[in-house]
Number of protein chains: 2
Amino acid sequence: MKKKLKIALQGVLGSFHHQVAQRYFGAEIEPVGYHTFEEVAKSVENGTVDYAVMAIENSIAGAILPNYDIIDRHHLYVVDEHYLPISHNLMALPGQQLSDIREARSHPMALLQCKQFFAQHPAIRAVDDVDTAYVAKIIAEQQLTGLAAVASSKAAEYYGLEILAKDIQTVANNFTRFIILQKEQPVREASPSKASLKITIRNEKGALAKLLTLMSAYDLDLTKIQSIPVMSKPWEYTFFIDTLIADESKFEEALDLIEKKYGTVKLLGAYQNRKG
Amino acid sequence: MKKKLKIALQGVLGSFHHQVAQRYFGAEIEPVGYHTFEEVAKSVENGTVDYAVMAIENSIAGAILPNYDIIDRHHLYVVDEHYLPISHNLMALPGQQLSDIREARSHPMALLQCKQFFAQHPAIRAVDDVDTAYVAKIIAEQQLTGLAAVASSKAAEYYGLEILAKDIQTVANNFTRFIILQKEQPVREASPSKASLKITIRNEKGALAKLLTLMSAYDLDLTKIQSIPVMSKPWEYTFFIDTLIADESKFEEALDLIEKKYGTVKLLGAYQNRKG
């Protein structure tokens, strides 16, 4: 019998992370839920699981996730990325009607993304909770009536709830970007079109502007940048940068030049850009 | 009687946020603890509290906090910043000795920052928990022996615990940056030396490099940059930027030029740089 791949996820099962894990690795996986992203990273680092699936960017409400820092500290590598179109659904115990629902609970970001639906349904009070799928779990476990969850269709399926209103998010075209993580440095695939880098530069006037001008000259188009404070070393700045790669040899040249002229580069991963 | 200022904080009382609130506003405040940063921002937005104190950068382990995005979405303004030197202490019920302690619980970041201490005290197992002050609270409420918390001296004072080991963090010079938030746009003070900006630019090749080159030319020295994805508008990029201001009139000129040539600027706050 083939051993199932163990995949670490943040949150309870039935979450968007769970959905991505199944889309990416197939149905035959063993998902392992952890409370925090930190624990997810640790489980990959110590070999408890084979891979992790981790949200790194959330569109629309524009969440900035600190996950690159966690990935760096736990010495993990990015092997791929995956974009999940976010679809929110109102779900409740089987047999419940929309008119039975007095309250809907979910993560504040999810509720925000369904603002219009709740404006059109003033009889349903939207209440913040810790997570999307967690509410679905509680409704199923405690057989709560009058209460709905706003979560993925995966959550409805997983906890046996019925979807009362489908795709209630306000903005279409709402994606969350996930990355796939592993412990070992992956063999570099041919012609990666995207890379995740940690760059540490000396804190000189205009140093970042110069770095980005260099990257632009080598056709590296930034899709993400996050600075992290290194207060104990005030002469250094660290950045997590995602960049599109137009030409692999130019990319290599640019990394060499950055190392030579500006500071140090750690390649967290080079992979295919999956954004359509 | 003078009405006490209500200050919103994330987490339980006795936290680093609580410590900063008292340092900044004095002892005579009414701290109000909320579970999430989102709720903290909401409480300022809807007028439940007068101000909020919010961590925005954590040095050393280098946490990237997504709080600027929350501040922007809830239409809040930054009125000031405050740097708190982070000091971790091992604390337990009064009467407990260091040799009684079998386990210490705290936030994973705090434990990481005290790595050396735990290496020197192998009899004490370091266990991740959700928060620093929360563990102190639980120890006091449930009168737990053999267990210690790693938290601020404020937590020991607030929950009546005894400090068994003081300043156990590995790196000295470890600061967390906090910002003070309010609902109304503050009257601009004379000669601010720092500003927090939200800049949205058109996604053209090298646009960010050009923006930063412009800022550098106007003596604006970046201390923080975070991009946020606007996937529903792929032709736009949004950045949260903190910058030092060398000359207020040059700063004004630069903002005008950015608006004219690159995109839109929202000033989240202009204030004094408190970093020594």
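The values are calculated or read from the model by the stated rules, or taken from the named source; none is laboratory data. Because the structure is a prediction, the values reported are computed rather than measured. Ideal geometry is used to build each Cβ from the backbone, glycine not excepted, and the neighbour counts take in all protein chains shown.
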_Among the candidates A:Asn89, A:Asn46, residue that is within 14 Å of chain B (Cβ to nearest Cβ) and of a type in the set (S, T, N, Q)_ = A:Asn46
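Looking at B:Gly47, is it surrounded by fewer than 20 Cβ atoms within 10 Å (Cβ to Cβ), of a type outside the set (Lys, Arg), more than 30 Å from B:Gly26 (Cβ to Cβ) and at pLDDT 95 or above? Break it down into steps so the answer makes sense when it comes.
Working: surrounded by fewer than 20 Cβ atoms within 10 Å (Cβ to Cβ): yes; of a type outside the set (Lys, Arg): yes; more than 30 Å from B:Gly26 (Cβ to Cβ): no; at pLDDT 95 or above: yes.
No.
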*asked:* For the list (1) more than 13 Å from chain A (Cβ to nearest Cβ); (2) buried (at least 16 other Cβ atoms within 10 Å of the Cβ), I need the number of the one condition that B:Lys260 fails.
replied: (2)
*Kindly provide the set of residues from the range B:1-25 that are more than 20 Å from B:Asn174 (Cα to Cα) and small (Gly, Ala, Ser), ordered by number.*
B:Ala8, B:Gly11
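At least 1 residues that are of a type in the set (Asp, Glu) and either touching a residue at least 12 places away in the same chain (Cβ under 8 Å) or out of contact with any strand residue (DSSP E or B) (no Cβ under 9 Å at 6 or more places or on another chain) (or both) in each: list the strands (runs of 3 or more DSSP E) lying fully within the range A:50-128 that qualify. Quick ask: steps written out before the conclusion?
Working: elements: A:51-58, A:77-85, A:89-92, A:103-106, A:125-128.
Where strands (runs of 3 or more DSSP E) fall fully within the range A:50-128 and carry at least 1 residues being of a type in the set (Asp, Glu) and either touching a residue at least 12 places away in the same chain (Cβ under 8 Å) or out of contact with any strand residue (DSSP E or B) (no Cβ under 9 Å at 6 or more places or on another chain) (or both), they are A:51-58, A:77-85, A:103-106, A:125-128.
Restricting the search to the range B:187-219, which residues are surrounded by 15 or more Cβ atoms within 10 Å (Cβ to Cβ) and touching a residue at least 60 places away in the same chain (Cβ under 8 Å)?
Going through the range B:187-219, the residues surrounded by 15 or more Cβ atoms within 10 Å (Cβ to Cβ) turn out to be B:192-201, B:203, B:206-216, B:218-219.
B:Pro192, B:Ser193, B:Lys194, B:Ala195, B:Ser196, B:Leu197, B:Lys198, B:Ile199, B:Thr200, B:Ile201, listed by residue number.
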*If you scan the range A:151-186, which residues turn out to be among the aliphatic types (A, V, I, L, M) and at pLDDT below 85?*
A:Val171, A:Ala172
_Single match in A:Tyr237, A:Tyr159 (criterion: crowded, with 17+ Cβ neighbours inside 10 Å and within 30 Å of A:Gly47 (Cα to Cα))_ = A:Tyr159
*Provide a single number: the residues in the range B:252-276 that are within 16 Å of B:Leu212 (Cβ to Cβ), of a type in the set (A, V, I, L, M, F, W, C) and not in a helix (DSSP H, G or I).*
1
_Single residue of A:Ala119, A:Ala165, A:Ala104 found to be of a type outside the set (Lys, Arg), over 20 Å from the mean Cα position of the chain (by Cα) and either over 22 Å from A:Gly14 (Cβ atoms) or within 14 Å of chain B (Cβ to nearest Cβ) (or both)_ = A:Ala119
_Which numbered condition in (1) within 9 Å of another protein chain (Cβ to nearest Cβ); (2) modelled with pLDDT of 85 or more; (3) buried (at least 23 other Cβ atoms within 10 Å of the Cβ) is the only one that B:His17 fails?_
(1)
*Please give the number of the condition B:Val171 fails out of (1) surrounded by fewer than 19 Cβ atoms within 10 Å (Cβ to Cβ); (2) away from every other protein chain (no Cβ under 14 Å); (3) assigned to a loop (DSSP other than H, G, I, E, B).*
(2)
*Looking at the range B:236-275, which of the residues that are out of contact with any strand residue (DSSP E or B) (no Cβ under 6 Å at 6 or more places or on another chain) and over 19 Å from B:Ser193 (Cα atoms) is modelled with the lowest pLDDT?*
B:Lys261
*Can you find a residue in the range B:57-70 that is buried (at least 17 other Cβ atoms within 10 Å of the Cβ), assigned by TED's automatic domain parsing to the domain that holds B:Ala148 and among the β-branched types (Val, Ile, Thr)?*
no
_I'd like to verify a number: residues in the range B:104-141 that are surrounded by 14 or more Cβ atoms within 10 Å (Cβ to Cβ), over 25 Å from B:His18 (Cα atoms) and in contact with a Lys or Arg (Cβ under 9 Å, 6 or more places away or on another chain), how many?_
2
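Does A:Lys198 qualify as being within 14 Å of A:Leu255 (Cβ to Cβ), at pLDDT 90 or above and touching a helix residue (DSSP H, G or I) at 6+ places or on another chain (Cβ under 7 Å)? Before the answer, list the steps.
Values: within 14 Å of A:Leu255 (Cβ to Cβ): yes; at pLDDT 90 or above: yes; touching a helix residue (DSSP H, G or I) at 6+ places or on another chain (Cβ under 7 Å): yes.
When the stated conditions are applied, A:Lys198 passes them.
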*Identify all residues within the range B:72-103 that are among the hydrophobic types (A, V, I, L, M, F, W, C) and crowded, with 20+ Cβ neighbours inside 10 Å; write none if there are none.*
B:Leu76, B:Val78, B:Ile86, B:Leu90, B:Met91, B:Ala92, B:Ile101
